[in-house]
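The values are calculated or read from the model by the stated rules, or taken from the named source; none is laboratory data. Every value quoted in this text rests on a predicted model; they were computed, and no experiment measured them. Every residue, glycine among them, receives a Cβ derived from its backbone with ideal geometry; neighbour counts consider all protein chains shown.
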Amino acid sequence: MKYYVGVDGGGTKTELVVTDETGVVIARKLYGSSNPNDIGRKKMIVDMVGAFLENVPIDADMVCASLGLSGIGFSGCADELKTALTAIDKIAKVDICSDVQIALDAAYDEDGCIVIIGTGSVGYLRKNGEHFLVGGGGYMLDSSLSGYDLGREAIDAVLSQSDGRGEPTLLTEKIVQATGFSVKELVRDVYVKGKAFVASFAPFVLSAYEQGDAVAKTIVQRRVSELEKLLFGVQKIYGKTPCEITLFGGLSKRWDIFFAHLSERAKREFAFKFPENPVIYGALKRALGKTDNDFLKTFLNSYFS
């Protein structure tokens with residue numbers, strides 16, 4: 001029996017799906033971050049190998065896999081991971097690329113543009129078969145609309161209120177009540193727990209915003225202004241107006257909030273849409289290595305059932 005494995009590895013969570021040769025899902029598991037720049041190269045490889053060993057069926061004659069992993073391009077360990085996976089019995093083919101690549105493949109068969117607004121944010125497009133990345137330098141370099149950026153600004157607002165630099169904000173009450181931390185403990189855990197911990201505070205900004213908090217509103221406006229720079233960067237390369245952009249990532253689910261703060265120019269020059277297929281769909285397309293509409297249709301029916 002032939003099986004296919006798709007992996008969507010993000011900065012916060014990783015999804016692994018196994019299908020049979022017809023496209024029926026036989027296993028679906030969720031794991032934590034698989035970004036080697038966050039968790040370490042060795043741990044990422046050990047975790048991925050363990051996930052495959054746990055989920056590859058015993059009766060497999062051949063397994064074809066495609067992994068889209070955040071941060072893989074900067075880590076320099078794609079070849080090492082591929083070697084470790086192909087050493088597993090019956091795994092015949094392993095394709096490794098960035099998570100933005102499989103998102104683009106999930107949204108478009110040919111040319112198109114996507115923007116991911118999740119733990120981090122990035123633009124990615126394919127034009128005449130050539131690929132372009134806009135942003136994507138990682139949380140230490142990028143400044144856009146992302147879970148990390150919202151969370152960092154939320155924490156900064158709490159610290160600023162506590163020492164008199166900033167205005168009163170509902171964020172302080174929300175974060176202190178939810179975590180049970182003092183401001184001092186909050187700072188300590190930022191440096192101990194890192195990016196994912198900071199990004200976990202993003203929902204507090206949106207909650208405070210909806211309650212009319214002025215500080216939260218300013219944070220949202222500032223982040224949306226930075227997002228526009230990314231959007232226009234994508235448009236400049238793609239060269240079309242209006243420029244259709246498919247939005248991925250957890251924060252895209254709150255697009256109603258962010259869209260309201262876009263400039264009138266951005267509202268005119270972009271056509272935003274949401275993906276019809278999950279990101280993992282793009283990974284399985286790559287694992288197949290060819291277009292097989294019957295397989296992909298069966299997969300979607302099985303995945304959502």
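When each of Val49, Val56 is tested for being closer than 14 Å to Gly9 by Cα and over 21 Å from the mean Cα position of the chain (by Cα), the lone residue that passes is Val49.
For Glu130, are the conditions met, namely being over 21 Å from the mean Cα position of the chain (by Cα) and either surrounded by 22 or more Cβ atoms within 10 Å (Cβ to Cβ) or modelled with pLDDT of 95 or more (or both)? Criteria met by Glu130. For the structure I just gave you, tell me whether Phe197 is under 22 Å from Ser34 (Cα atoms) and assigned by TED's automatic domain parsing to the domain that holds Gly250. It is true that Phe197 is under 22 Å from Ser34 (Cα atoms) and assigned by TED's automatic domain parsing to the domain that holds Gly250. Whenever a residue of segment 124-147 is outside the structural domain of Val220 (by TED's automatic domain parsing) and within 15 Å of Val100 (Cβ to Cβ), it has no partner that is buried (at least 24 other Cβ atoms within 10 Å of the Cβ) and of a type in the set (Asp, Glu) lying with C-beta atoms less than 6 angstrom away and at least six residues away or across chains. One residue alone among Leu288, Leu262 is among the hydrophobic types (A, V, I, L, M, F, W, C) and within 23 Å of Val122 (Cβ to Cβ), and that residue is Leu262.
Every residue, every condition in (1) acidic (Asp, Glu); (2) surrounded by fewer than 16 Cβ atoms within 10 Å (Cβ to Cβ); (3) outside the structural domain of Ser263 (by TED's automatic domain parsing); (4) more than 18 Å from the chain's Cα centre (by Cα), yes or no:
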site	(1), (2), (3), (4)
Leu186	no, no, no, yes
Ala216	no, no, no, yes
Val224	no, no, no, no
Lys229	no, yes, no, yes
Tyr238	no, no, no, yes
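When Asp59, Asp105, Asp47, Asp89 are checked against the criterion of being in contact with a helix residue (DSSP H, G or I) (Cβ under 6 Å, 6 or more places away or on another chain) and either closer than 25 Å to Val122 by Cα or surrounded by fewer than 23 Cβ atoms within 10 Å (Cβ to Cβ) (or both), a single residue qualifies: Asp105.
For the condition surrounded by fewer than 23 Cβ atoms within 10 Å (Cβ to Cβ) and closer than 26 Å to Gly32 by Cα, Gly138 qualifies.
Does Ala157 satisfy being more than 30 Å from Tyr238 (Cα to Cα), at pLDDT 95 or above and in contact with a Ser or Thr (Cβ under 8 Å, 6 or more places away or on another chain)? Spelling it out, Ala157 is indeed more than 30 Å from Tyr238 (Cα to Cα), at pLDDT 95 or above and in contact with a Ser or Thr (Cβ under 8 Å, 6 or more places away or on another chain).
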